[in-house]
Amino acid sequence: MELIDKPSPSPTIGYLGAVDDDRQGRLSGWAITRQGDPCEVTATVNSRSFATASDLPRPDLAAKGQSRGAGGWRIELVDALEPGENRIDITLPDGTPLSGSPRMVTWTPAPTAAPAPRHLGAIDSANARLLSGWALTATGDPCEVTITVGDGDPVTMLSEGTRADLAAKGMSRGAGGWHLFLEGRLMPGANRVTIALPDGSAMPGSPLTIEGQTVPPVEVRPAPVPAMAPVTAPPPPSASAVVTELPPRQRPAMPSLVELDELSLDDLALAVASGRIRVDTPPPPEPVAPPVLSEAAADPTPPPRRSGWVARLLGR
């Protein structure tokens with residue numbers, strides 16, 4: 001606020017007073033009746049009026065014997081001022097202007113402060129393996145974090161990991177951490193990664209670029225083939241060679257009984273060995289029970305008496 005005109009106080013009929021200051025959208029001064037009592041002061045700016053009583057302490061007026069210790073007043077006009085020049089009229093109870101009125105004030109509003117962020121957060125680590133950090137609401141509670149890697153689908157998680165460092169600073173109740181493993185999510189080369197808070201704002205440090213590892217091609221070598229001996233084709237038959245196709249082998253005919261009678265034992269053995277004669281082996285004989293011998297009972301009748309030559313012949 002800029003002071004443009006401030007004339008010296010002049011007495012008014014029945015009242016005394018003046019405007020002392022008009023800084024930062026605030027008017028202040030003093031006003032009393034002729035008897036030294038407080039009175040009402042009204043300020044009007046941009047068709048709006050503000051009234052107050054001059055009952056603030058003013059030791060300087062009491063020291064001069066003008067009042068019994070009061071007489072000061074102050075009016076806040078910030079809500080009524082407009083950017084640029086403003087005319088302010090200050091009047092006493094009888095409608096007469098106070099000394100220093102009207103007041104021309106140039107008002108430059110202070111820049112509007114940015115609203116406090118509803119979410120806080122930061123990125124702690126970002127590499128091809130792991131992306132981690134912390135995120136909180138303005139009240140220190142966990143919140144959602146949405147991460148998008150390249151053209152992949154967004155991944156949303158809650159920052160509920162333990163973060164003792166945030167709790168030690170009074171920023172949270174012990175939680176706030178988040179992390180995402182990037183293995184299998186990155187493409188070879190540069191990958192654009194964005195991290196968003198619940199209100200859609202980007203987390204400080206987002207977006208960022210993370211290099212994906214290039215996978216070298218795997219060389220597949222065929223299994224060694226064992227060496228084999230060369231196959232040599234048989235030479236073609238010469239023109240002079242005569243190829244005779246042998247007839248299929250036939251079993252010799254069995255000799256007749258007449259021929260068998262004429263063969264010697266050696267010829268028979270040779271014929272059996274060559275297969276001309278087949279010898280059928282008879283089946284083994286069935287076991288025969290041994291005969292049971294029984295002795296005849298002794299005949300009590302004595303044998304007849306024989307002559308001597310017969311006994312000698314029979315050995316008796």
Contour excess over end-to-end distance, with Cα ends at D153 and R48 and 0.36 nm allotted per residue = 32.1 nm
Sum of side-chain charges, I195 neighbourhood, beta-carbon under 12 Å (Lys, Arg +1; Asp, Glu -1) = -1
Full-extension gain in nm, A167 to D261, via 0.36 nm per residue minus C-alpha separation | 21.3 nm
Per the 1/(1 + (r/R0)^6) rule, R0 = 22 Å and r from the Cβ atoms of T214 and H179, FRET efficiency to 0.05 is 0.35
Computed label-point distance, nm, for sites R26 and R276 using a 7 Å Cα→Cβ extension = 15.2
Report the local net charge at D267: Lys and Arg +1, Asp and Glu -1, summed over other residues whose C-beta lies under 12 Å from its C-beta.
-> -3
Points 7 angstrom from Cα along the Cβ direction at E144 and T108: gap in nanometres?
-> 4.5
Relative pair counts by distance (%), Cα atoms of segment 120-212, 5 Å bins | 3, 15, 27, 24, 16, 9, 5, 2, 0
Net charge over other residues, Cβ less than 12 angstrom from the Cβ of N46 (K, R count +1; D, E count -1) | -2
Roughly speaking, what is the stretch gain from S125 to D55, that is 0.36 nm per residue apart minus the C-alpha to C-alpha distance, in nm to one decimal?
-> 18.9 nm
Spin-label pair D199/A269, simplified geometry with 7 Å Cα→Cβ offset, distance in nm | 12.3
Packing-wise, with mean Cβ within 10 Å as the measure, how do 30-40, 50-60 rank, highest first?
-> 30-40, 50-60
Compactness of segment 15-107, expressed as Rg and Dmax over alpha-carbon positions, Å = 12.9, 41
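A short reminder: the numbers here are calculations on the coordinates, not readings from a lab. Everything numeric here is computed off the predicted structure, so don't read it as measured data. Using ideal geometry, Cβ is built from the backbone for each residue, glycine included, and neighbour counts are taken over all protein chains shown.
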